[in-house]
Amino acid sequence: MIFLSFTNSKSATKILGLVFVTLGFGVLGISYYFFFFRILPDLFSTNKVFALTQLVISIWDAWGIGYFYYKAVVTNPGKVPKNIISEEELSQLKKQYKENLDSEFPVYVPYCPYCSSFKPPRTHHDSVMNQCVLKMEHYCPWINNSVGFFNHKYFVLFTLYLWIGCIYAFLLTAKAFLFQFGFIDTPDENFSENVILFSILCVTIFLSLSFILFWQFFLVFTNQTTIEFYQRMSFPKAQRPLNPYDFGFKNNFRDFFDLTRNQSLIYFLFSTKLPKGDGMHFHENHHNIKLDV
Ligand SMILES: [Zn+2]
């Protein structure tokens, strides 16, 4: 019975994920239509140079939102390859894992009992996708996918482009918004009244995204995942281990977005390639204590 309800809750999460992704692409499509066919043409009727500048900026941002959302949805966050250790080593790990369950002083064993496989560093089992995810961050229903080693940067860039897009679209329509809510007396003659709905949508998404974006960039700058952060926080302050993957915020940032040392940091906005590395081997900063999780 417990097993059945567990299976049902996983299926429900998956169905919910599909609904959320359909909704995500739907809202994006409607917003694109509204912006490019209702708002921008109104701007062209007033000042063409201003409108052309807005067209270039908005095409760039719309590309970023759509492209990185698509990549976050379709990219597998990272599976553990089969046969990376021998059968003998695997059965040894399985044995250690079982012994550990009865032990008074359990130690960490890199073995996943659900996948019956070796668990590389920073890997965690995702019960919704029913697979171990390399450098797992979290499961996100809005992309119907886990965020892990191979799609984490796409997820971060998607949220950033969407956040910028919300601020940008709101600024263009702010006068209509402020008039509707009585903050100013003169209406914006450029826009029809239903622009206000678009404006409200932008404010809502901006507010909900702000915290997520702030948190994600904190993780990027410190080279850790949410899971690793909470694992470290579970220790009393005096015994809390340092993050072994932290090489300073600039290096962490370059590493996350695969920027070379000669590249300007701003290129992170166009980091479209899959991350370098295999998601199983990470440089460790030996000035920090090894995180034994
Ligand atoms: Zn697993």
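The values are calculated or read from the model by the stated rules, or taken from the named source; none is laboratory data. If you're wondering where the values come from, they're calculated on a predicted model, not measured in any experiment. Ideal geometry is used to build each Cβ from the backbone, glycine not excepted, and the neighbour counts take in all protein chains shown.
General remarks:
- In region 119-139, residue farthest from residue 244 (Cα to Cα) [restricted to those that are more than 9 Å from the ligand (Cβ to nearest atom) and crowded, with 21+ Cβ neighbours inside 10 Å]: 129
- Residue list for region 91-130, restricted to those being among the hydroxyl-bearing types (Ser, Thr, Tyr), assigned to a loop (DSSP other than H, G, I, E, B) and over 27 Å from residue 147 (Cα atoms): 103
- The single condition among (1) under 30 Å from residue 269 (Cβ atoms); (2) among the charged types (D, E, K, R); (3) part of a helix (DSSP H, G or I) that residue 88 does not satisfy is (1).
- Cβ separations smaller than 7 Å between residues 6+ apart or across chains give the following pairs from region 121-135 residues that are among the β-branched types (Val, Ile, Thr) to residues that are more than 10 Å from the ligand (Cβ to nearest atom) and part of a strand (DSSP E or B): 128/139; 133/146.
- Of the residues making up region 140-161, those that are more than 22 Å from residue 252 (Cβ to Cβ) and buried (at least 22 other Cβ atoms within 10 Å of the Cβ) are 143, 144, 145.
- Selection within region 57-73 - in contact (Cβ under 8 Å) with a residue 24 or more places away in the chain and not aromatic (Phe, Trp, Tyr): 57, 58, 61, 62, 64, 65, 66, 71, 72, 73
- Test: residue in region 55-64 that is surrounded by 13 or more Cβ atoms within 10 Å (Cβ to Cβ), over 23 Å from residue 175 (Cβ atoms) and small (Gly, Ala, Ser): yes
- Of the residues making up region 91-102, none is away from the ligand (no atom under 13 Å from the Cβ), under 30 Å from residue 53 (Cα atoms) and in contact with a Pro (Cβ under 7 Å, 6 or more places away or on another chain).
- Some residue of region 95-106 being buried (at least 19 other Cβ atoms within 10 Å of the Cβ) and of a type in the set (A, V, I, L, M, F, W, C): no
- Residue within region 133-144 that is at pLDDT 85 or above and in contact with a Cys (Cβ under 8 Å, 6 or more places away or on another chain) present: no
- Condition met for residue 79 (modelled with pLDDT of 80 or more and in contact with a helix residue (DSSP H, G or I) (Cβ under 9 Å, 6 or more places away or on another chain)): no
- Hey, residue 68 away from the ligand (no atom under 13 Å from the Cβ) and of a type in the set (Phe, Trp, Tyr) or not: yes
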